[in-house]
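Engineer: Okay, handing you the structure first.
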Amino acid sequence: MEHKTVLLLLVLAALANAGPLTRRQDGGCAKSCPRPKDGDAPSPYTPGKSYTFNYMTGVRSEIKGASEESTGLRLTAKVVLDAFSTCELAMRMEEVRVSEQDPSDPTRWTESPHQAQFESELTASDVHFVLRNGQIPEVCAELLEPEWVLNIKKAAISMLQNTNPNKVESYNGIETDISGKCKVTYSPAKESGREFEVVKVTDLMSCLDQQRVRGSFQSSSYRVPAQIQSMPLTKANRTCKVVYYSSGNLKSSLCTEEHIFRPFSTDNAGAVTQVEQRMEFIGSGGMPRLSHDHTFKRSPLEYQHHDFKQPSRVPEQDVRSVLNDLCELGTSVTPQTPKLFNELIHRLRGLSSQQLAAIRSEVEGSSVCRRNGQMAQQFFFDALPMVSTAAATAMMKELVLSGKISSTISEMWLTSLAFVQQPERAMLESLLPLLEAENPSQQAQLGIGALVHQYCKSRSECSKDPIVKSIGAALQRLLGRDCSTGDRKALLTTLKAIGNAGYLIDLMPTLVQCVNREANLVEVRVAAIEALRRTPCSEDRTPLMKLIRNKDVDSELRITAYLGLMSCPTMELFDTVKELLTAESSNQFASFMWTHLTNLLETSDPHKQDIRLIVEDVKLKKQYDLDKLKFSRNVEKSFFSNYLNAGAKVESNLIWSQRSFLPRSATLNMTLDLFGKSFNFFEVGGRVQGLETLLEKYLGPKGMERKQQTDTNSQLAELDNTFKVIEDEIGGSLDIKVFGHQIAFVDLWRENLERSGTNLLEWLNSLKQLREVNWQKSFSFLDTQVSIPTISGFPLILGTNGTASFVIKSSGKLDVKKLMQWPPKLEVEGKLSPSGTVHLSGMLGIGTIYGDYGVKMTASIHSSTEMQATIKTSNGEELQVEFQQPRDRQNILNTKTSYFVIHRSVEREQTMRRDLLIKHKACSQGKLMEKILGVEFCAEISYPTLVPQESAPLAPLAAGMEMDVTMFKRDTHTSYQLHLVNKKEGMNRHWKALIDTPGSRVDRKLHAEFVIDSTNQRIEASLLTPWKKGKVLMNVDSEGSSKRLVFSTEVDGTVYTRATANYRKSETAEEVKHELERMELRFLTSEPVILKGLISRGKLSNEENWKVEFSAENILTSPITVSSTFMQTGPTAAATASLNSPFLSGKLRSDYALTSGSISGMTTVSYKIGEKSEQTIRIEPTLKFSASTGEHHLKGSFKCLLSEFPQYNTYVAAFSKRSNYYNHELDIVAEFGNSGDFARLQKKYEVAQREGNNEYKLTATLETKTAKYNMQKEFEHDNSWTQVRSKLMASDEKVAGRNFETSLEFSRQPGTILYTASARTQVVDQIYKAVSKLQRLSRTSDLKPLLHCLMWSTAWLLSFNIRPRSIRLRVA
C-alpha cells in the first residue's frame, strides 16, 4: 500500500509539471515548425530529450616576441540543450567557472574575483533558438537578459550550427554566426561508420556588419561585392575541427581564432589576441526543464554590439582621486597630465546627475585640490563637454544658460554636439530650453539639430517622438509662418539647423511657404530648399518638382531644387529632366543638369550606382557643355576599387544666376569610402552677391570713361558715394559641414560685421598696462573604439585615444601710442612660459563587464620652456634687446613610448626587448657652445633596431622608444643683452654694437664700433672681445690733384700692418695719367714692400691708345716689372706686353686685322723660365664668310705651333655651306702633332618638298686615324612621306672583329595601306633581322555611328639567323 501511494504521488508530480513544451505568451521562439522539404536534413536533436556538453572558451593577449607577460580569461561551463520540438531548442549554462591567467606566470590560472557575478548572470535564464536544416536564424532571450550575457550564449550556440548538414563535399557558402554573415568553407576530413569529421574555415575579413566603430568619425554604410568588408586593422582567421555523429548531432568541436594587429607585426610576432573555444558531448536523456511563462526578445545569431559600463562602488571618489592627482603635478603640464585628463573624462561618464552635481559643488568650493582649486575647476570644465552623457549635457546646458562659462567655451561645447554618435533621449530633453530661449545662439541651433539627426538615424518613426516634435516646434517659432519675419541671419541659422536635423517632418509645410514666398530674399529661399536635404525620401517633394518646371524662377533656386530632388530620384523626376533638357531656355539650369547627369554616368561613388544605372537609360539628346567660366556646372572626380573596397570622391557645384556674370554660389565636398563605410569629411560652401555691381562701377565701360580728377578729396568723395550706393547689396556667407553636419555659418553682410566688430584701437591702447595671461586647456582630440566579435562572445576591442594639455603663461606690455609718434619709440616687455603634452594610446584586447584584458601602447610628446624678453627703441637710432633664461634646465622636447599588459583594467608596464635597443647620447661638441652662450644642448635617444629580427615584431613594437632634448644653463649670467646704435649727423655716421651676458663667470662682452668722419676724411673701426682687441684706422689727405692715404691695423696695441700711398692724376691735351707715385706696405717689422704704377690713355680721336706700367720691390730677390701697350687704328689692332722677374720673363706681340667678311691675325709669345733657353708659341686663326643667292659659305682655319712641345702642334680647317636654310654641308679636318694622325667629320643634311610633303635626308661620315686605330663610322638617314630609313656602320681596319652595322627601314604603300617595318643588325658575323607587317582592313558602315569600329589584323614574322642554328617565330 505504501509503495502504491509513493508511485501515485510521483505520477501526480509529473503531471503537475507536464505541459506543452513551447507554451509562451508569444507562441514560442519557433512560431511554427514546418515539415522538412525534400533534401533538408532531419533534426539531429530528438524532442523531449536533453543534451549535455562540456564547454570552454578562453582568450589570451600579448605582444608576442616582445612582452614578458601576457593576460587572459577563461570560462568553463556545462551547456545543456533542451529539445522542445524539431526546430526549437533551449540552452542553459550550469557550473560556470571563470578564471584569469596570472600575467607573471602564463601556466597559472586563478579564480576570477568576479566569479560569483559571472555565474549568477550566466545561469539566471535559458536561451531559446530556432534550428532549421542546420542553421540558426533566430535567438530568443528574456527581456531583461543583459546583452553581454546573451552574446556569450550566442557564441556557444554558434558551435551547434552546420550549414552543410548533408555533408556536401567542399561546401562553400555564407553562414551567420556570432561574427556576422561570413564566407565559410566545409572540408570533409575523415568519416567512419558512426561519425564524420569536417574542417570548417571562416573568412573573418568577409564578414558583413562585423565591426562597430564608435568615435567622432561618423559614417554611412554601403555594400559592394568586395573581399574585404571591414577595416583590416587586424589579420584574423578561424579554423574549427568538428566531429558529428551520423545522426547529425554534435560530438565535439574545437575552434581557434587569432587576431594579429597588422601594423608593425610579422607572421610570427606582434600584438596578438588568441581565442579558443571547445565543446564536447558528454551525454543525453531526461525530461527538459520547463521554461517560465514570459515574453521573448528576438535577435539574430550575430553579436549584439553594446557598451560595457564597468561598475564602480565609489565613482565620486574615483573622480576626486584623479582630480587630486592632476593638482599634485603642479601648475605646469607634465607628461602625465593628458593621461590623467583622459582618465578623468572616462570617470565622469560613470556619474549620475546627482553625483556630477556633487563633484561640481566640491570643485567650485575648492574642496578638491585645496592648494590650487582654480586648476581643478579648469580640468573639470575642460572635461565636461567631452563626457557626452545625459548628466553632463544637462549640466552644460545649465552653465550656458547661467552665463557661468565663457562664450568661447559655450560655442565649442555646442559645436561638439554634432560629433556625438549615439545620443540619448534625455540629452535632447535637457537641451530643449536652449532653443526655447528668446534668442537662441547659432551654435545651439546647429549643434542640437545635428544631435537630432544622430538620435533619429537609428530609430524608426522618429519624427513622431515627442521630444523631436518639441524641438521642431521651437525652431518653427523662430521661422514664423513663411520666413517673412525676423532677422535675415537668424532665419538662415534656423533653416540650416533644420537641415542638420532632417527628421522634422512637421516643418515641411512651413519650409514650402518659405520657398514659395517671392518677397523673401533669394538666399533665404535657397536655404529653405537645402533644409530638406536630410528629409526621408518617403516625404512628398512635389513642391520642388513644380519649382524646377517654373522657368520664371531664378536659376539658382531651380538648381538647388533639382539637387534636392536628385537625393531621392524617381522615374517621374527623370521623365521631367528629359523633358526639360529638350526644351529648356535657361542655359544656366540646363548646363548644370547636363553636367550633373553626365557625371552620374561616369561616377564611381558606391552610393550612386543605382541611380547611375537609371541615368544610363536616359537619352541625353542635347548637349549643354557650355563655357566653364560662364555657366553653372557640376564637377565630380571619383575612383573606387572593388578589390580594396576603398575609394574617394571630390564633388563641386558652381552655380550662376542669370542676373549675374559672376558665380553666385559654390560648394566643395570631400568623401572617403573605406571598407563599407563612407566618411563625408568636409563640405565647404560659399555664396556672394553684389560684387558685379562694384566691378561694373570701376571696371566696366562707364567706369573707364570717367574723367580723371586732380582733387584727391573729390576722388575720395566719389569713392565714398559709390560705396553708399552699393554697400547694402554686397554680402556673402560661408558654410562649413563636417560629416554632413553644418557646424559653422559665417555671415559676411555689412550689418553683422559691424555688430560683431571690436574696437581695435581700444584693445591696442590697453596693451600699455602690464597684462598677465594664464591660458590652460586640456582636450580630447581622438577617442575611437573598434569592436570586433570573437567566438568567445567577448568583443575584441581596438581602441585609440588622444588627449592634449597645454599651459601658456605670459605677461607683457606694449605702448602703441609711443610707436605711432615721431620720432617713434617702442617699449615691449614680455614673459612667455609655454608647456604642453600630447598623449596617444592604443589598446588591443577583450572587453568584459568587469574589466579589460589585453595589451596597450602609449606615446607622449612633452615640451616645457620659459623665456623673458625686453625690447626698447629710441628715436629710430637705438635698439636695446634683453633675453632672460629663468630656468637652469629647459625641456625642449621629450618623447616616449611605453607598453603595458592590461589585466582586469589594471596596467602592468612591460620592459620589452631591451636587447634590441640602440642608444645614442650626445651634447654640444666641446666647450664652444658653453663658452659663447653659456648653455649646453644635450640629446639622448633610444630606439629598437630597424632591421627585422626573427621571432620579434617590427619597430617600434619590439621595444619602447625614447628621445630627450634638453638645454642646460652652464653659467651664472642673468640675461643676454644686445645694444645697437645708429647715429647720423650730416655726412658723418656712427655705428655701435654691444653683446654681453651680465653676471656670468666668463667674460663674453663683444663691442664693435664703426665711425665715418667725412669732415676730417677719417674712417675708424674697432672690435673688442674677451680674447682680442682690434682697431683699424684710415686717413685720406688731399692737396690739389694729389692724395695721400694712411692705413693701419692694431691687435692688442701692436701695429700689425701699416700702409702709405701717394697718388697723382695729371691730364694734357694728348693723354690722361693715373700715377701711383709710391706705396709702402709694412707687416710688423719686415722690410716695406714698395709698389709703383702708371696707367695712361691717349685722347686722339682716330686711335685707341693705352699704356700700363707696374713695378714691385722687396717681394723677390730683384724687382718685378710689368708693362703693356695697346693701339688700334682703323681695322687693325696691335698689342704688346712684357714681364721681367727673377724666375720668369717673356714678351707678347699680337696683330689682328678685321675686314669685310674676314678676320685674320697672328700672336707670338716668347718666354724664358729661369736659366732655360727661350721658347716660342705662335697662333694663327683665320675666318672668312661669303654669301651668294640662296647660299652661305663659311671657311676657317686654326694653327697652333709650340717650339717646346711640337707633338701638340695642331691644325684645323673647316668648311660649311648652307642653302635654303635647311640644306647644310659640313667638312672638318684636324691634324695633330707630326705623326700624321688626323680626324675628319663630313655631314650633309638635305630637305626637299615633294607632293606637298617634306622629305629629309641626313648622311654623316667620321674617319679617325692614329697609330693604333684606323676607324670609319658612317650614318645615313632618310625620312619621306612613304618611308623612313636609317643605317649606322662602324669598322676598324687595324683590329679584326671591330665591325658593326645596323639598319632600320619603315615603308608605307598608299594603295593597300600596308605598313612594313624591318630591322637588321650585324656584329662581326652575327646577323639579327626582324620584319613586321601591319594591315588595316576596311569594314562596311551599315551599323549605327556609335558602333563603327576598325578591325585590325596583325602578322609578325621574326627570324634570328644565329650560327650554328636559326630560330623562327611567327605571332598572329
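The values are calculated or read from the model by the stated rules, or taken from the named source; none is laboratory data. Only a predicted model underlies this, so the values are computations on that prediction, with no experimental measurement involved. Here Cβ is always computed from backbone atoms with ideal geometry, including for glycine, and neighbour counts include all displayed protein chains. When the accessible area is computed, the model is the full protein with side chains, heavy atoms only, and any ligands, DNA or RNA have been set aside. Shrake-Rupley method; radii C 1.70, N 1.55, O 1.52, S 1.80 Å.
Engineer: Yes or no: region 842-861 includes at least one residue that is over 26 Å from the mean Cα position of the chain (by Cα) and without any contact (Cβ under 8 Å) to a residue 12 or more places away in the chain.
Structural biologist: no
Engineer: Looking for whichever is crowded, with 18+ Cβ neighbours inside 10 Å, touching a residue at least 12 places away in the same chain (Cβ under 8 Å), under 39 Å from the mean Cα position of the chain (by Cα) and within 19 Å of residue 322 (Cα to Cα) here; the options are 348, 417. Which one fits?
Structural biologist: Working: 417 fails: within 19 Å of residue 322 (Cα to Cα).
Sole residue among the options that is crowded, with 18+ Cβ neighbours inside 10 Å, touching a residue at least 12 places away in the same chain (Cβ under 8 Å), under 39 Å from the mean Cα position of the chain (by Cα) and within 19 Å of residue 322 (Cα to Cα): 348.
Engineer: Tell me, which strands (runs of 3 or more DSSP E) wholly within region 868-982 include 3 or more residues that are closer than 30 Å to residue 102 by Cβ and open to solvent by 50 Å² or more (accessible area, probe 1.4 Å)?
Structural biologist: Once the strands (runs of 3 or more DSSP E) in region 868-982 are filtered for at least 3 residues that are closer than 30 Å to residue 102 by Cβ and open to solvent by 50 Å² or more (accessible area, probe 1.4 Å), what remains is 906-909.
Engineer: Could you grab me the full set of residues in region 1025-1049 that are open to solvent by 60 Å² or more (accessible area, probe 1.4 Å) and either touching a Gly at 6+ places or on another chain (Cβ under 8 Å) or among the β-branched types (Val, Ile, Thr) (or both)?
Structural biologist: 1029
Condition check ((1) of a type in the set (Ser, Thr, Tyr); (2) surrounded by 15 or more Cβ atoms within 10 Å (Cβ to Cβ)) across all residues:
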| residue | (1), (2) |
| --- | --- |
| 1092 | no, yes |
| 1102 | no, no |
| 1112 | no, yes |
| 1116 | no, no |
| 1148 | no, yes |
| 1152 | yes, yes |
| 1170 | no, no |
| 1175 | no, yes |
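Engineer: Taking residue 1112 as meeting all but one of (1) over 25 Å from residue 1096 (Cβ atoms); (2) among the small types (Gly, Ala, Ser); (3) part of a strand (DSSP E or B), write down the number of the exception.
Structural biologist: Here residue 1112 clears every test but (1).
For (1) over 20 Å from residue 741 (Cβ atoms); (2) open to solvent by 60 Å² or more (accessible area, probe 1.4 Å), each residue gets a yes or a no:
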| residue | (1), (2) |
| --- | --- |
| 494 | no, no |
| 518 | yes, yes |
| 522 | yes, no |
| 532 | no, no |
| 537 | no, yes |
| 546 | yes, yes |
| 552 | yes, yes |
| 561 | yes, no |
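Engineer: Evaluate region 928-938: report whether one residue or more is modelled with pLDDT of 85 or more, touching a Pro at 6+ places or on another chain (Cβ under 9 Å) and not small (Gly, Ala, Ser).
Structural biologist: Checking region 928-938: not a single residue is modelled with pLDDT of 85 or more, touching a Pro at 6+ places or on another chain (Cβ under 9 Å) and not small (Gly, Ala, Ser).
Engineer: Next question. Taking helices (runs of 4 or more DSSP H) that fall entirely within region 467-574, which contain at least 1 residues that are aromatic (Phe, Trp, Tyr)?
Structural biologist: Details: elements: 488-501, 508-516, 522-530, 542-549, 555-566.
In region 467-574, 555-566 are the helices (runs of 4 or more DSSP H) which contain 1 or more residues that are aromatic (Phe, Trp, Tyr).
Engineer: To continue, here is another question. Given the conditions (1) farther than 18 Å from residue 611 by Cα; (2) of a type in the set (A, V, I, L, M, F, W, C); (3) touching a Ser or Thr at 6+ places or on another chain (Cβ under 8 Å), and given that residue 592 satisfies all but one, which numbered condition is not satisfied?
Structural biologist: The single condition residue 592 does not satisfy is (1).
Engineer: Could you tell me whether residue 401 is assigned to a helix (DSSP H, G or I) and either β-branched (Val, Ile, Thr) or open to solvent by 60 Å² or more (accessible area, probe 1.4 Å) (or both)? Lay out the reasoning, then the answer.
Structural biologist: Values: assigned to a helix (DSSP H, G or I): yes; either β-branched (Val, Ile, Thr) or open to solvent by 60 Å² or more (accessible area, probe 1.4 Å) (or both): yes.
It is true that residue 401 is assigned to a helix (DSSP H, G or I) and either β-branched (Val, Ile, Thr) or open to solvent by 60 Å² or more (accessible area, probe 1.4 Å) (or both).
Engineer: Mind listing just one residue for me: the one in region 106-146 that is assigned to a strand (DSSP E or B) and of a type in the set (Asp, Glu) and, of those, surrounded by the most Cβ atoms within 10 Å (Cβ to Cβ)? Working first, answer last.
Structural biologist: Kept after step one, since they are assigned to a strand (DSSP E or B), are these residues of region 106-146: 106-111, 127-130, 132, 135, 139-142.
Among the residues that remain, those that are also of a type in the set (Asp, Glu) are: 111, 142.
Details: 111: 11, 142: 19.
If we take residues in region 106-146 being assigned to a strand (DSSP E or B) and of a type in the set (Asp, Glu), then 142 is surrounded by the most Cβ atoms within 10 Å (Cβ to Cβ).
Engineer: Hey, another quick one. I'm trying to understand the selection: among the residues of region 1184-1193, which are assigned to a strand (DSSP E or B), touching a residue at least 24 places away in the same chain (Cβ under 8 Å) and open to solvent by less than 80 Å² (accessible area, probe 1.4 Å)? Please lay out each step first, then the result.
Structural biologist: Pass one, region 1184-1193, residues assigned to a strand (DSSP E or B): 1184-1188, 1191-1193.
Going one step further and asking which of them are touching a residue at least 24 places away in the same chain (Cβ under 8 Å), we end up with 1184-1186, 1191-1193.
Listed by number, the residues that qualify are 1186, 1191, 1193.
Engineer: Regarding residue 1107, is this residue basic (Lys, Arg), open to solvent by 50 Å² or more (accessible area, probe 1.4 Å), touching a strand residue (DSSP E or B) at 6+ places or on another chain (Cβ under 6 Å) and farther than 28 Å from residue 1164 by Cα? Working first, answer last.
Structural biologist: Details: basic (Lys, Arg): yes; open to solvent by 50 Å² or more (accessible area, probe 1.4 Å): yes; touching a strand residue (DSSP E or B) at 6+ places or on another chain (Cβ under 6 Å): yes; farther than 28 Å from residue 1164 by Cα: no.
So residue 1107 fails the test.
Engineer: Spot the failing condition for residue 930; the list is (1) within 24 Å of residue 970 (Cα to Cα); (2) in contact with a Phe, Trp or Tyr (Cβ under 8 Å, 6 or more places away or on another chain); (3) of a type outside the set (Ser, Thr, Tyr), and only one is missed.
Structural biologist: For residue 930, the failing item is (2).
Engineer: Hey, another quick one. State all residues of region 199-232 that are at pLDDT 85 or above and open to solvent by 10 Å² or more (accessible area, probe 1.4 Å); if no residue qualifies, say none.
Structural biologist: Scanning region 199-232 gives 199, 200, 201, 203.
Engineer: Now, a different point. Among 81, 150, 160, which is assigned to a strand (DSSP E or B), closer than 18 Å to residue 793 by Cβ, at pLDDT 90 or above and out of contact with any helix residue (DSSP H, G or I) (no Cβ under 8 Å at 6 or more places or on another chain)?
Structural biologist: Just a single option satisfies the conditions, and that option is 81.
Engineer: Here is a further query. Across region 460-472, what is the number of residues that are in contact with a helix residue (DSSP H, G or I) (Cβ under 9 Å, 6 or more places away or on another chain) and open to solvent by 60 Å² or more (accessible area, probe 1.4 Å)? Reasoning before the result, please.
Structural biologist: We begin by selecting, within region 460-472, every residue in contact with a helix residue (DSSP H, G or I) (Cβ under 9 Å, 6 or more places away or on another chain); these are 462-465, 467-472.
Restricting the remaining residues to those that are open to solvent by 60 Å² or more (accessible area, probe 1.4 Å) gives 464, 469.
The total comes to 2.
Engineer: Which one of the conditions (1) exposed (fewer than 15 other Cβ atoms within 10 Å of the Cβ); (2) on the phi < 0 side of the Ramachandran plot does residue 337 fail to meet, given that it meets all the rest?
Structural biologist: With respect to (1) exposed (fewer than 15 other Cβ atoms within 10 Å of the Cβ); (2) on the phi < 0 side of the Ramachandran plot, residue 337 is out only on (1).
Engineer: Of the residues 470, 460, which is modelled with pLDDT of 90 or more and more than 34 Å from the chain's Cα centre (by Cα)?
Structural biologist: Going through 470, 460 in turn, just one is modelled with pLDDT of 90 or more and more than 34 Å from the chain's Cα centre (by Cα): 470.
Engineer: So, in region 1002-1020, of the ones that are in a loop (DSSP other than H, G, I, E, B) and open to solvent by 70 Å² or more (accessible area, probe 1.4 Å), which residue ends up nearest to residue 1032 (Cα to Cα)?
Structural biologist: Narrowing region 1002-1020 to residues in a loop (DSSP other than H, G, I, E, B): 1002-1005, 1014-1017.
From what is left, the residues that are open to solvent by 70 Å² or more (accessible area, probe 1.4 Å) are 1003, 1005, 1015-1017.
Details: 1003: 23, 1005: 19, 1015: 18, 1016: 16, 1017: 14 Å.
Selected residue: 1017.
Engineer: Another question, if that's okay. If you take the residues of region 40-79 that are among the hydrophobic types (A, V, I, L, M, F, W, C), crowded, with 20+ Cβ neighbours inside 10 Å and under 26 Å from residue 162 (Cβ atoms), which of them is nearest to the chain's Cα centre (by Cα)?
Structural biologist: Looking only at region 40-79, we keep the residues that are among the hydrophobic types (A, V, I, L, M, F, W, C), and these are 41, 53, 56, 59, 63, 66, 73, 75, 77, 79.
Retained after the next criterion (residues that are crowded, with 20+ Cβ neighbours inside 10 Å): 53, 59, 63, 66, 73, 75, 77, 79.
When the remaining residues are screened for being under 26 Å from residue 162 (Cβ atoms), the result is 53, 59, 75, 77, 79.
Numbers: 53: 54, 59: 37, 75: 45, 77: 50, 79: 52 Å.
Among them, the one singled out is 59.
Engineer: Hey, any hits in region 93-104 for a residue that's at pLDDT below 90 and within 46 Å of the chain's Cα centre (by Cα)? Break it down stepwise before answering.
Structural biologist: Filtering region 93-104 down to residues at pLDDT below 90 leaves 104.
Retained after the next criterion (residues that are within 46 Å of the chain's Cα centre (by Cα)): 104.
The answer is yes, given that some residue of region 93-104 is at pLDDT below 90 and within 46 Å of the chain's Cα centre (by Cα).
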